[in-house]
Amino acid sequence: MSVLHPVAESPDPVLENHQPLGGRIVTKPFMLLGLLVLIGGYFILRRFLFGMGDVSHMSNGYPIGTWVVLDVVIGTAFGCGGFAMALLVYILNRNVYHPLIRPALLGGVFGYTLAGLAVMIDLGRYWNAFNLLMPWYAQINSVIFEVALCVMAYITVLWIEFWPAFLERMPSAIKKRFNLDKFQVFLRRYMYVFIALGVLLPTMHQSSLGSVLLIMGSKLSPLWYTQWLPLLFLISALAMGYGVVMLEATLVQRSFKLPSEAALLTKLSRVVAGLLVLFLIVRIGDLLARGQLGLAFNFDRYSILFLIETALFAAPIAILASQRRCANTRLRFLATISLLAAGSLYRMNGYLLAVNPGNGWTYFPSAPELMITVGVVCLEIMLYLIFIKTLPVLPGRTAKAGRPS
Amino acid sequence: MDANRRQFLRGAAGALATTAAAVAAPVSEAVAFGPREPKTLPPKAVGMLYDSTLCVGCKACVSACKEANGMPAEQPASLALWNEGTWDAAEDISGKTLNVIRVYQNGTMVEKDREQDGYAFVKRHCLHCVDPSCISVCPVSAMQKNPVTGIVTHNPDACIGCRYCVYGCPFNVPQYQFDEPFGRISKCQFCNHLQAQGKLPACCDVCPTGASLFGLVEDLQAEAERRLAAKPGETYTFPRGKLGGDRVGHEAPVGEYQPHIYGEKESGGTQVRYLTGVPHEKLGLPELPDHSYAAVSEGMQHTLYKGMIAPLALLGGLVVLARRSAKAYRDEDPTRTDDEEDSR
């Protein structure tokens, strides 16, 4: 049978049957996104000409602002779709989900690459950034050092994992010219190593994003400050990764009128529900063990943030765990939104909203600061659209016959 | 369908178990291990004793600091109407101010060093922690602690400006210059350039009352304990400049101290000691545990990444599993349906 199928053509044996969407690239929504990118670009220029204080409300009380928290801490969690799906498909051998993996990977490619871009805007001494790679400057006790190197490595791995999509579309003349066929064979043979790295590296840096906060001590509310931060950040990254995949699949299927992936998504929902339950067990169990759960019911700022966050985590479980409710696209969509909001709020609380540096410092982002973040996200969406329209990313129509609907 | 469901739930349970096992094991180990060993005071650690009851708020130390370190005068926007930049009016330490005197005010402010209806001065600058958070978070070793004197210095050529030292410092000491296109981190380096020439740190050198006193940390600790033991109101000769130096002391009545030497144990200990008349938290000196959060953070990292064993073991397992899946999919017929696959 397999001789009938062009497996040999595909550099990645697992990802055949993907097709470019085609269609016009420059549409009205695309131009609107472009406008927002231009506005963001203007403020980025100002940031480099006049300093961060010109566009941002960051201060020495809150030196970490929305650029890091939205673009990196939350942005990379949104980029965890590739990580989460690779874990399911390749590590746990659930090949049934493979139609979802390449779009998820592409989300990861842009989520992470643009988080890297945002870091370059945020670094106060960006011209020294390469010091991170100089062994004589390395500071191995630093959590940030681990996060920085690990994210850089993962961005590289993501592009390598995604590379087959380029190779499939590349004219054979170019392939011959640069001897890419050999590269293709190499990738095909050793892709499993990159897949394994593509699971290990996010496990490391997503948990480390939690460890970063261990240094905050009493600056961070005890409702968030715990030794279990790394585990909680890892679980929330996975849950958000699956959440993004579900959101992406629903949105893309709706906008481009592709066949529904509902059956797959209903199955995936259970995994997500399990992760959310695990998260809440660790979260609440830890608060109980430390005797801090009482703080949750003070109804002050931190308590309210905690209650909203926990409600957003708990609400989707009721929908995602039930096959019947999950079959309802609208309910599933709401559950996905709630879960992504929960994970985002958890991260924002940990890095900003539950942080009190004392001495009366406060922080609320400025409009230009937010426009830079908006610009970066819009650029991400534009690139995603270009890629799915021109490269074989989404499951092709010909493959639909064999999929349960 | 039921068979599929069971199979699926098994898979989901497996997913959870693997995820949990991959991380929970080392994490729980970390909890069991707790923080890494606390660091100890360097052998010839130098420091400062700041006695808030002696401080008269003249701010000679602030202007001497600016001069010694070549920092510009500061003119906060809130004071711009009546101060056109002719004199320095820094309200707190900042990217341009390494050392500042702040005032505590309460009610009618009639009496110095009294919590109710009183006022008090406090000096803000780097405390040169024994186990500094700024060094622990810095990814490029820009923050360094001198192994002999214990002074915490900053190297702008290494610094990438990530500002996690600002974020993580329990005393909010390192300050980034947000208003500069090529800003840098500013922090008190205890005038180590002057100390190299055998001089005193500028603030201690100019202090007229001995409120800022330079010396070896151990001697300063003993001096602080002596002052705490002395009877409030009795005359005491307060050394000036350097503890054990040859300057004439300053005779004054002993203040009514809070019974706590701030900086001795806070955050794993620092090289600065504060004696105050009003509770330290009123002066912006935060309540902190006896251990450094750097020890907590590094304890976690050292357990998870000990010899890179856990990550490498995990990678090994992942490579084996990924290879198995990749091989299986390559060999099988991709046109077969997923239902078949599930009931396999």
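The values are calculated or read from the model by the stated rules, or taken from the named source; none is laboratory data. For clarity, every value in this text was computed on a predicted model and none was experimentally measured. Cβ placement follows ideal geometry from the backbone for every residue including glycine, while neighbour counts extend to all protein chains displayed.
Of all residues in segment B:181-224, which are among the polar types (S, T, N, Q) and closer than 30 Å to A:PHE50 by Cβ? Before you say what the answer is, go through the steps one by one.
As a first pass, look at segment B:181-224 and keep what is among the polar types (S, T, N, Q): B:186, B:189, B:192, B:195, B:197, B:209, B:212, B:221.
Passing the criteria: B:SER186, B:GLN189.
Which residues, taken from segment B:70-89, are aliphatic (A, V, I, L, M) and outside any loop (DSSP other than H, G, I, E, B)? Working first, answer last.
We begin by selecting, within segment B:70-89, every residue aliphatic (A, V, I, L, M); these are B:71, B:73, B:77, B:79-81, B:89.
Those that are aliphatic (A, V, I, L, M) and outside any loop (DSSP other than H, G, I, E, B): B:ALA77, B:LEU79.
Only residues that are of a type in the set (A, V, I, L, M, F, W, C) and outside any strand (DSSP E or B): list them for segment B:237-266, please. Reasoning before the result, please.
Taking segment B:237-266 as the starting set, the residues that turn out to be of a type in the set (A, V, I, L, M, F, W, C) are B:238, B:243, B:248, B:252, B:254, B:261.
Correct list: B:LEU243, B:VAL248, B:VAL254, B:ILE261.
Residue check: A:TYR42 meets all listed conditions (1) of a type outside the set (A, V, I, L, M, F, W, C); (2) surrounded by fewer than 24 Cβ atoms within 10 Å (Cβ to Cβ); (3) within 11 Å of another protein chain (Cβ to nearest Cβ); (4) assigned to a helix (DSSP H, G or I) but one, namely (3).
Would you say A:LEU280 is among the hydrophobic types (A, V, I, L, M, F, W, C), touching a residue at least 24 places away in the same chain (Cβ under 8 Å), in contact with a Lys or Arg (Cβ under 8 Å, 6 or more places away or on another chain) and under 23 Å from A:ILE337 (Cα atoms)? Talk me through it step by step, then tell me what you get.
On the way: among the hydrophobic types (A, V, I, L, M, F, W, C): yes; touching a residue at least 24 places away in the same chain (Cβ under 8 Å): yes; in contact with a Lys or Arg (Cβ under 8 Å, 6 or more places away or on another chain): no; under 23 Å from A:ILE337 (Cα atoms): yes.
Spelling it out, it is not the case that A:LEU280 is among the hydrophobic types (A, V, I, L, M, F, W, C), touching a residue at least 24 places away in the same chain (Cβ under 8 Å), in contact with a Lys or Arg (Cβ under 8 Å, 6 or more places away or on another chain) and under 23 Å from A:ILE337 (Cα atoms).
Just checking, does segment A:54-70 include any residue being assigned to a helix (DSSP H, G or I) and not assigned by TED's automatic domain parsing to the domain that holds A:ILE195? Scanning segment A:54-70 turns up at least one residue that is assigned to a helix (DSSP H, G or I) and not assigned by TED's automatic domain parsing to the domain that holds A:ILE195. Counting only residues that are within 14 Å of another protein chain (Cβ to nearest Cβ) and of a type in the set (Phe, Trp, Tyr), segment A:256-310 holds 1 of them. Criterion applied to B:ASP157, B:ASP179 was being within 11 Å of chain A (Cβ to nearest Cβ), more than 18 Å from A:ASP122 (Cβ to Cβ) and in a loop (DSSP other than H, G, I, E, B), and the one residue passing it is B:ASP157. Take B:PHE171 and tell me if it is of a type in the set (Phe, Trp, Tyr) and in a loop (DSSP other than H, G, I, E, B). Judged against the criteria, B:PHE171 is a match.
Looking at this structure, is A:PRO357 touching a strand residue (DSSP E or B) at 6+ places or on another chain (Cβ under 6 Å) and either among the small types (Gly, Ala, Ser) or in a loop (DSSP other than H, G, I, E, B) (or both)? Here the answer is no, as A:PRO357 does not meet what is asked. Take the conditions (1) surrounded by fewer than 23 Cβ atoms within 10 Å (Cβ to Cβ); (2) facing another protein chain (nearest Cβ under 9 Å); (3) basic (Lys, Arg); B:ARG114 misses just one of them, which is (2).
Output yes when any residue across segment A:384-399 is more than 14 Å from chain B (Cβ to nearest Cβ), within 23 Å of A:SER207 (Cα to Cα) and either touching a Phe, Trp or Tyr at 6+ places or on another chain (Cβ under 6 Å) or assigned to a helix (DSSP H, G or I) (or both), and no when none is. Let's see the steps before the verdict.
Kept after step one, since they are more than 14 Å from chain B (Cβ to nearest Cβ), are these residues of segment A:384-399: A:384-394, A:397.
Going one step further and asking which of them are within 23 Å of A:SER207 (Cα to Cα), we end up with none.
Taking every residue of segment A:384-399 in turn, none turns out to be more than 14 Å from chain B (Cβ to nearest Cβ), within 23 Å of A:SER207 (Cα to Cα) and either touching a Phe, Trp or Tyr at 6+ places or on another chain (Cβ under 6 Å) or assigned to a helix (DSSP H, G or I) (or both).
For segment B:101-113, the condition holds for at least one residue, the condition being that it is under 28 Å from the mean Cα position of the chain (by Cα) and among the hydrophobic types (A, V, I, L, M, F, W, C).
Residues checked against (1) modelled with pLDDT under 50; (2) within 20 Å of the chain's Cα centre (by Cα); (3) more than 7 Å from chain A (Cβ to nearest Cβ):
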residue: B:THR19; (1), (2), (3): no, no, no
residue: B:ALA22; (1), (2), (3): no, no, no
residue: B:PRO26; (1), (2), (3): no, no, yes
residue: B:PHE33; (1), (2), (3): no, no, yes
residue: B:LYS39; (1), (2), (3): no, yes, yes
residue: B:LEU49; (1), (2), (3): no, yes, yes
residue: B:VAL56; (1), (2), (3): no, no, yes
residue: B:CYS61; (1), (2), (3): no, no, yes
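Within segment B:117-136, being buried (at least 22 other Cβ atoms within 10 Å of the Cβ), more than 14 Å from chain A (Cβ to nearest Cβ), assigned to a strand (DSSP E or B) and not hydrophobic (A, V, I, L, M, F, W, C) holds for one residue alone: B:LYS123.
If you scan segment A:57-67, which residues turn out to be buried (at least 24 other Cβ atoms within 10 Å of the Cβ) and touching an Asp or Glu at 6+ places or on another chain (Cβ under 8 Å)? Lay out the reasoning, then the answer.
Narrowing segment A:57-67 to residues buried (at least 24 other Cβ atoms within 10 Å of the Cβ): A:58, A:60, A:63, A:65-67.
Listed by number, the residues that qualify are A:MET58, A:GLY65, A:THR66, A:TRP67.
Of the residues making up segment A:60-91, those that are facing chain B (nearest Cβ under 7 Å) and within 30 Å of B:CYS165 (Cα to Cα) are A:ASN60, A:GLY61, A:PRO63, A:ILE64. Filtered by the rule that a residue be at the interface with chain A (Cβ under 10 Å from one of its Cβ atoms) and crowded, with 17+ Cβ neighbours inside 10 Å, segment B:263-284 gives a lone residue, B:SER267.
Per this entry, A:ARG94 is not counted among residues that are closer than 22 Å to A:ARG47 by Cα, of a type in the set (Lys, Arg) and within 9 Å of chain B (Cβ to nearest Cβ). In a residue-by-residue description of segment B:136-156, the property of being touching a residue at least 24 places away in the same chain (Cβ under 8 Å) and more than 30 Å from B:GLU37 (Cβ to Cβ) applies to at least one position. Please tell me if B:GLN258 is within 26 Å of A:LEU213 (Cα to Cα) and either at the interface with chain A (Cβ under 10 Å from one of its Cβ atoms) or touching a His at 6+ places or on another chain (Cβ under 9 Å) (or both). Judged against the criteria, B:GLN258 is not a match. Of everything in segment A:327-355 that is in contact with a helix residue (DSSP H, G or I) (Cβ under 7 Å, 6 or more places away or on another chain) and of a type in the set (Lys, Arg), the residue that is modelled with the lowest pLDDT is A:ARG332.
Okay, residues lined up against (1) closer than 24 Å to B:CYS129 by Cβ; (2) in contact with a Lys or Arg (Cβ under 9 Å, 6 or more places away or on another chain):
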residue	(1), (2)
B:LYS187	yes, no
B:CYS191	yes, yes
B:ALA196	yes, no
B:PRO201	yes, no
B:ALA211	yes, yes
B:PHE214	yes, yes
B:GLN221	yes, yes
B:PRO232	no, no
B:ASP246	no, no
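Among A:MET246, A:MET240, which is of a type outside the set (Lys, Arg), closer than 28 Å to A:VAL89 by Cβ and at pLDDT below 95? Just a single option satisfies the conditions, and that option is A:MET246. Of note, A:LEU123 satisfies the criterion of being crowded, with 16+ Cβ neighbours inside 10 Å, within 11 Å of another protein chain (Cβ to nearest Cβ) and more than 19 Å from the chain's Cα centre (by Cα).
For beta carbons closer than 8 Å, sequence separation of 6+ or different chains, a first residue in segment B:210-232 that is without any contact (Cβ under 8 Å) to a residue 40 or more places away in the chain and in the same structural domain as B:VAL122 (by TED's automatic domain parsing) and a second that is among the charged types (D, E, K, R) and assigned to a loop (DSSP other than H, G, I, E, B), the qualifying pairs are B:PRO232/B:GLU256.
Among the candidates B:ASP117, B:ASP51, B:ASP113, B:ASP131, single out the residue that is touching an Asp or Glu at 6+ places or on another chain (Cβ under 8 Å), under 30 Å from B:GLY245 (Cα atoms) and acidic (Asp, Glu).
Working: B:ASP117 fails: under 30 Å from B:GLY245 (Cα atoms); B:ASP51 fails: touching an Asp or Glu at 6+ places or on another chain (Cβ under 8 Å); B:ASP131 fails: touching an Asp or Glu at 6+ places or on another chain (Cβ under 8 Å).
Of B:ASP117, B:ASP51, B:ASP113, B:ASP131, the one residue that is touching an Asp or Glu at 6+ places or on another chain (Cβ under 8 Å), under 30 Å from B:GLY245 (Cα atoms) and acidic (Asp, Glu) is B:ASP113.
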